[in-house]
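The values are calculated or read from the model by the stated rules, or taken from the named source; none is laboratory data. On a predicted model such as this, the values are computed, not experimentally measured, just so you know. Methodologically, a virtual Cβ is constructed for each residue, glycine included, from the backbone with ideal geometry; neighbour enumeration extends over all protein chains shown. Ligands, DNA and RNA are stripped out before the accessible areas are found, and what is left, the full protein with its side chains, is counted by its heavy atoms. Shrake-Rupley method; radii C 1.70, N 1.55, O 1.52, S 1.80 Å.
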Amino acid sequence: MTKIMRRVLAAAILSFAALCGQPARAADTIKIAYIDPFSGPFASGGDEFLKIFKVLFDRINARGGVLGKQIEIVPFDSKLQPAEALIALKSVTDQNIPFVMHCTGSNVGAALIDGVAKHNARNPTNRVIYLNCGALATELTNEKCDFWQFRFAGNVEMRAVTRIKALSKDITKVYLLNQDYLFGQSVQADTKKWLAALRPDIQIVGDELMPFGKVQDFSPYVAKIKESGAQTVVTGNYNRDLNLLIKEAMSQGLNVRFDTYLAHLIGGPTAIGPAGEGRLTSIFEYSGNVGTDLKMQAAEDFSVEWRKHHETDFSTTNFMTMLDMLMAAITKAGNTDPLAVALALEGMQTTDLVGQENIMRKDDHQLLMPYYAGVFTKDVKYDSEHTGLGWKTYYSASAKDLTLPTTCKMKRPAS
């Protein structure tokens, strides 16, 4: 036997052994990949989202799954780096997983849109749908839109409209501070756009981009905010870049509001604590008090049940909507073929946990959904992360309110 033949035979034996070694349940499950940071400075977000997804997957499986099969989540670490996310995507496609979720980092989201599009063009029999559950930069469903991406989170512009409309009427001076990458740049641009359109009475007294995830000492930023005379800091910063900023502001006695886009994310309430009482606001898909504030008993009941078993809050109704829509699309298609499922998702409508309408717009694959503004206060029925403070809803915008024009010129597959 030649060396080449021996190598071929050995490879065949190893491949067969690997197949035989796979768990028997693999054939009975529909796998959904999940790419997010599970290491590095933003790993806490990925870890918490994974816990949430496991609960939501169990919820679907408890009611029978889809097409008579259970669904299974398969996590991959992006390290919040585009290159690492593309390596993970290669593993996803090598395993023939037809759906991939990703929720953190618009820079990673942009890379995945491009990576999925290129892969699908080259491999029409091994396509994948990118389920974007949190890469928020407005561009991703405008000029960077793609048929294979479905965004199940409101884009930055939708959030910005809600953010600016929810600003206190007595605010006349704002300081803009954002992270210097695609998401932060999108927040900066859309905040300025909608301040000009909706609140021309407000003066921008500072406008700055800071290194993403690298700043340890926020004292220079706080000093500039103090010197500017701003009444509030409007910021898309999240996780450590927000928590460290507010802690430094408090230590310097900076008496301003923080009207944020994402302060409600996991760990934020705990890190900020009493320092944010009455002067910290956020824009969110849901909070533990939305059901109570809007008098939606089913939503409140869900929140109460969630709190019995979790230390953190449930704020991601869009994750629930995404999975419910995906299951409905798979059922309608009768299989997991990505093209058939994608066509079924287009134009789909549903009501969310709060009974609000959600629509997957066909034109750009952007979910049209409601947003809420909340203030961090003791005056709530349910606190957040056992801090004694929680998010009190004081403004809401419906999907109709947030149906904004799109510049998407989508190229659709011929077959």
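Details
- Any pair with Cβ under 6 angstrom, 6 or more apart, that starts in the stretch 356-369 at a residue that is in contact (Cβ under 8 Å) with a residue 12 or more places away in the chain and more than 13 Å from Thr141 (Cβ to Cβ) and ends at one that is among the charged types (D, E, K, R) and open to solvent by 10 Å² or more (accessible area, probe 1.4 Å): Asn358/Asp352
- Of the residues making up the stretch 287-304, just one is more than 10 Å from Gly374 (Cβ to Cβ), open to solvent by less than 20 Å² (accessible area, probe 1.4 Å) and among the hydroxyl-bearing types (Ser, Thr, Tyr), namely Ser303.
- Subset of the stretch 211-235 that is among the aliphatic types (A, V, I, L, M) and farther than 15 Å from Glu248 by Cα - its residue that is surrounded by the fewest Cβ atoms within 10 Å (Cβ to Cβ): Ala230
- Considering the conditions (1) buried (at least 19 other Cβ atoms within 10 Å of the Cβ); (2) over 29 Å from Phe218 (Cα atoms), Pro200 is excluded by exactly one of them, (1).
- In the stretch 318-366, the residue that is nearest to the chain's Cα centre (by Cα) out of those that are of a type in the set (Asp, Glu) and under 16 Å from Tyr130 (Cβ atoms) is Asp364.
- Selection of helices (runs of 4 or more DSSP H) fully inside the stretch 1-111 by the criterion of at least 3 residues being more than 18 Å from the chain's Cα centre (by Cα) and modelled with pLDDT of 95 or more returns 43-62, 82-94.
- Verdict on Ser168 being open to solvent by less than 10 Å² (accessible area, probe 1.4 Å) and among the small types (Gly, Ala, Ser): no
- Listed by position, the strands (runs of 3 or more DSSP E) inside the stretch 307-415 whose residues that are surrounded by 20 or more Cβ atoms within 10 Å (Cβ to Cβ), at pLDDT 95 or above and touching a Ser or Thr at 6+ places or on another chain (Cβ under 8 Å) number at least 2 are 371-377, 390-397.
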